[in-house]
Amino acid sequence: MRTILLAHVKRVVVKIGSGVISDDNGLDLEKIARICDDVHQLRQRGFEVVLVSSGSIAAGKGDLGIIGRPQTIPLKQAAGAIGQSRLMRAFKDSLHQYGRQAAQILLTRDDLANRRRYLNARNTLMTLLEYNVVPIINENDTVVVDELRFGDNDNLSSMVTNLVEAQLLVILSDVDGLYDRDPRHHADATLISEVERITPDIERMAGDEGSSLGTGGMTTKLKAAKRATLSGAGTAIINGKSPHSLLHLFDGHELGTYFLPARDPMAARKHWIAFTKKPRGKLFLDDGAFKAVAEKGKSLLPSGISRIEGGFERGDAVRLCNLEGHEFAKGVTNYSSSELTLIRGKKTRDIAPTLGYKYGDEIVHRDNLVLQT
Ligand code: GLU
């Protein structure tokens, strides 16, 4: 990455894949030590660093006698429970050599989908950075149930990038970056060094097989890059297995693939609505309302809603669809599904007489609404 691109970077999120710091025998302490060395150097240069590290399952599965990938969720969770403390210990010991402290933060998707808990997590992270501590985040594997999972740490790292409003996300992977086709099957595949915008063509270049240790393949990395760039952060995918690649990136070496930040990034709160908050239902809009919201930048009023799907409360996120069911936006509703069944199709002046109260004219206010990109 050219150093000029680093000029605006103050805070960086570094995602470390399982394949980078572990092998089938468990954690590779030497690799962790090298990454911590780089992190120390970056801090010396004035960058704030937040780590998102995988590796707890890889670190714990050996104790359960598992070779290869644990096959069931309880086994993954048990391995994660054993390995997480080992993973933290490795980071803590390495960072300690430089007189640095590390802090463990375990998150579930539910924690970040709740606005108060999201802001609370943010405050904790900011306090740690202020006190020069290196936060090390992982998914709280032992407690999450399937529908509440981030799924993979690539996704988690993009949400953390938005959470701490970092200007750069670096994904340390066991591959060199994004190739125009799968390098495992095509000897002439070429590495793409810079991506200005993640188009469907770019998306097609990512296969979807991951390594045997981590969860995400290139597809999940691209999704993470898309989310991070939409929050205004540049994203680099580099090979974390080659020694000191993180530092080399900051020295200006053109490593891996660099995705430029979006030209028109979303505000942090809109990004949270679009990607972190879980949708609970759907509103189907008639043609007039669809055009008003999708093309004219208007809020959604009750008159344009022709159908409601799902049960939700005021403050929940809902998907907005046209009459054909095509989803085009997501927003936070001011009214619950039971209130909406009474006022849908009506004029705004009929809201109060129908319900006996009114929270506002808008069902979904423009400020709480994000069009799909
Ligand atoms: N949270 C899992 C772990 O620490 C890894 C998830 C992933 O690989 O994306 O092992």
*Evaluate the following for residue 313: is it part of a loop (DSSP other than H, G, I, E, B) and under 15 Å from residue 277 (Cβ atoms)?*
yes
*What residue, among those in the range 185-200 that are at pLDDT 90 or above and of a type in the set (Asp, Glu), is nearest to residue 230 (Cα to Cα)?*
196
*Give the residues of the range 85-136 that are free of Cβ contacts under 8 Å to residues at least 24 places away in the same chain and among the hydrophobic types (A, V, I, L, M, F, W, C), sorted by residue number.*
119
*Please work out if residue 256 is more than 30 Å from residue 109 (Cβ to Cβ), open to solvent by less than 60 Å² (accessible area, probe 1.4 Å) and in contact with a Ser or Thr (Cβ under 9 Å, 6 or more places away or on another chain).*
no
_Tell me which helices (runs of 4 or more DSSP H) are completely within the range 3-82 and hold 2 or more residues being in contact with a Ser or Thr (Cβ under 9 Å, 6 or more places away or on another chain), within 20 Å of residue 160 (Cα to Cα) and at pLDDT 95 or above, or say none if there are none._
29-44
*asked:* I'm told residue 116 meets every condition in (1) at negative phi; (2) not in a helix (DSSP H, G or I) except one. Can you identify the failing condition by its number?
replied: (2)
*asked:* On the basis of being open to solvent by 10 Å² or more (accessible area, probe 1.4 Å) and in contact (Cβ under 8 Å) with a residue 60 or more places away in the chain, does residue 73 make the cut?
replied: yes
*What about residue 93, is it in a helix (DSSP H, G or I), within 16 Å of the ligand (Cβ to nearest atom) and open to solvent by 20 Å² or more (accessible area, probe 1.4 Å)?*
no
*Restricting to the range 342-369, what's the tally of residues that are of a type in the set (Val, Ile, Thr) and within 34 Å of the chain's Cα centre (by Cα)?*
2
*Subset of the range 291-313 (residues that are touching a His at 6+ places or on another chain (Cβ under 9 Å) and open to solvent by 20 Å² or more (accessible area, probe 1.4 Å))*: 299
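The values are calculated or read from the model by the stated rules, or taken from the named source; none is laboratory data. Treat the numbers as computed from the prediction; the structure is a model and nothing was measured. For neighbour counting, all protein chains shown are included, and Cβ atoms are generated from backbone atoms with ideal geometry for every residue, glycine included. Surface accessibility is based on the protein's heavy atoms, side chains included, excluding ligands, DNA and RNA. Shrake-Rupley method; radii C 1.70, N 1.55, O 1.52, S 1.80 Å.
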